[in-house]
Amino acid sequence: MGDAARRWAELQSGRGIPPEILAAAPASPWTHNPVDFTAPETPADTPSRDAALALLGDGGTVLDVGCGGGDATFALVGPLRAATGVDQQQDMLDLFTTGAAARGIAAGTVQGKWPDVASGVDGLHDVVVSHHVLHNVVDLPPFLDALTAGAARGVVVEMLPQHPMAWLDPLWERFHDLHRPPSATDADAVAVLAELGITPEVRRFVRERRHPHDPAWVTRRLCLPDERTPEVEAAMAGVPLRDPDAVTLTWTV
Ligand SMILES: C[S@@+](CC[C@H](N)C(=O)[O-])C[C@H]1O[C@@H](n2cnc3c(N)ncnc32)[C@H](O)[C@@H]1O
């Protein structure tokens, strides 16, 4: 493992929740709610969409790794001929399937953890997209290698400059006396790609806030019971909301 991959793994591992806090949590702080990931009717105009459309040209197929509700894929309706969604959550894949049917797109799904399930994907897809998944991954090289190996034309990754939960670090300190290490960044991901011999095109942009930041949601993320929501709400007043910047990384194969 190269230095950059080791650094990424260490920073990511450092963001784990101590077992005693997790054991006392009334609900899982990890699980994503599919409702929060329903793709919009009109896709956002982003550098990630532009990059994937450029790779698709007149038409092609898409593999969406960590597809959620299909936001990345359904932004490509038009030149999109068929899509495969991969996700570790079956409820996300159900949303992906429903969204594809509503848009008249031929779609298949593979349930499981990437890259473990990469061999379950049929053949190559013209474009591989993976939006907002990298910060969930500890061992990044095999994840990225499998994205590249699945693409006939190129790969488009979208990520936040820091871990999506990094903005909650002051609240972990406040409620659990837990001091988090700094987050891995997009620059760390680019350094891991360099160790794999890949120099991606990097585009930064400001995206609309889409996901909930309400006090009840934050309370669950902090492994606290619902009755502490008012306290969390008061503490949130002193914490800046998540930075709205996002980053698109694109490479061809
Ligand atoms: C933050 S959501 C993003 C969903 C979608 N790509 C979007 O941008 O709206 C991350 C998704 O990736 C899935 N996921 C995370 N790590 C994964 C992995 N290693 N393999 C497959 N799915 C993964 C989660 O279940 C979740 O649906």
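The values are calculated or read from the model by the stated rules, or taken from the named source; none is laboratory data. Since the structure is predicted, the reported quantities are computational estimates derived from the model, not experimental observations. A quick note on method: Cβ atoms are made from the backbone with ideal geometry, for glycine too, and the neighbour counts reach across all protein chains shown. With ligands, DNA and RNA removed, areas are computed over all heavy atoms of the protein, side chains included. Shrake-Rupley method; radii C 1.70, N 1.55, O 1.52, S 1.80 Å.
Tabulated data
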| quantity | calculated |
| --- | --- |
| From the options SER48, SER13, residue that is open to solvent by 50 Å² or more (accessible area, probe 1.4 Å), among the hydroxyl-bearing types (Ser, Thr, Tyr) and touching a residue at least 12 places away in the same chain (Cβ under 8 Å) | SER13 |
| Among (1) open to solvent by less than 30 Å² (accessible area, probe 1.4 Å); (2) within 14 Å of the ligand (Cβ to nearest atom); (3) within 27 Å of ARG204 (Cα to Cα) - the single one ASP71 does not satisfy | (1) |
| Residues of segment 51-77 classified as in contact (Cβ under 8 Å) with a residue 12 or more places away in the chain and more than 14 Å from the chain's Cα centre (by Cα), total | 16 |
| Given (1) open to solvent by less than 20 Å² (accessible area, probe 1.4 Å); (2) touching a Gly at 6+ places or on another chain (Cβ under 7 Å); (3) of a type outside the set (Lys, Arg); (4) more than 9 Å from the ligand (Cβ to nearest atom), number of the condition ASP64 does not satisfy | (4) |
| Those residues of segment 80-95 which are open to solvent by 10 Å² or more (accessible area, probe 1.4 Å) and within 14 Å of VAL128 (Cα to Cα), in sequence order | LEU80, ARG81, ALA82, THR84, ASP87 |
| The one condition in (1) assigned to a helix (DSSP H, G or I); (2) open to solvent by less than 70 Å² (accessible area, probe 1.4 Å); (3) at pLDDT 95 or above that LEU224 fails to fulfil | (1) |
| Cβ-Cβ under 8 Å pairs, at least 6 apart or on other chains, segment 139-162 side on the phi < 0 side of the Ramachandran plot and open to solvent by 50 Å² or more (accessible area, probe 1.4 Å), far side acidic (Asp, Glu) and modelled with pLDDT under 95 | GLN162/ASP243 |
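Here's the yes/no breakdown for (1) open to solvent by 40 Å² or more (accessible area, probe 1.4 Å); (2) free of Cβ contacts under 8 Å to residues at least 40 places away in the same chain; (3) outside any helix (DSSP H, G or I):
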| position | (1), (2), (3) |
| --- | --- |
| TRP167 | no, no, no |
| PHE175 | no, no, no |
| HIS179 | yes, yes, yes |
| SER183 | no, no, yes |
| ALA194 | yes, no, no |
| THR199 | yes, no, yes |
| ARG203 | yes, no, yes |
| HIS213 | no, yes, yes |
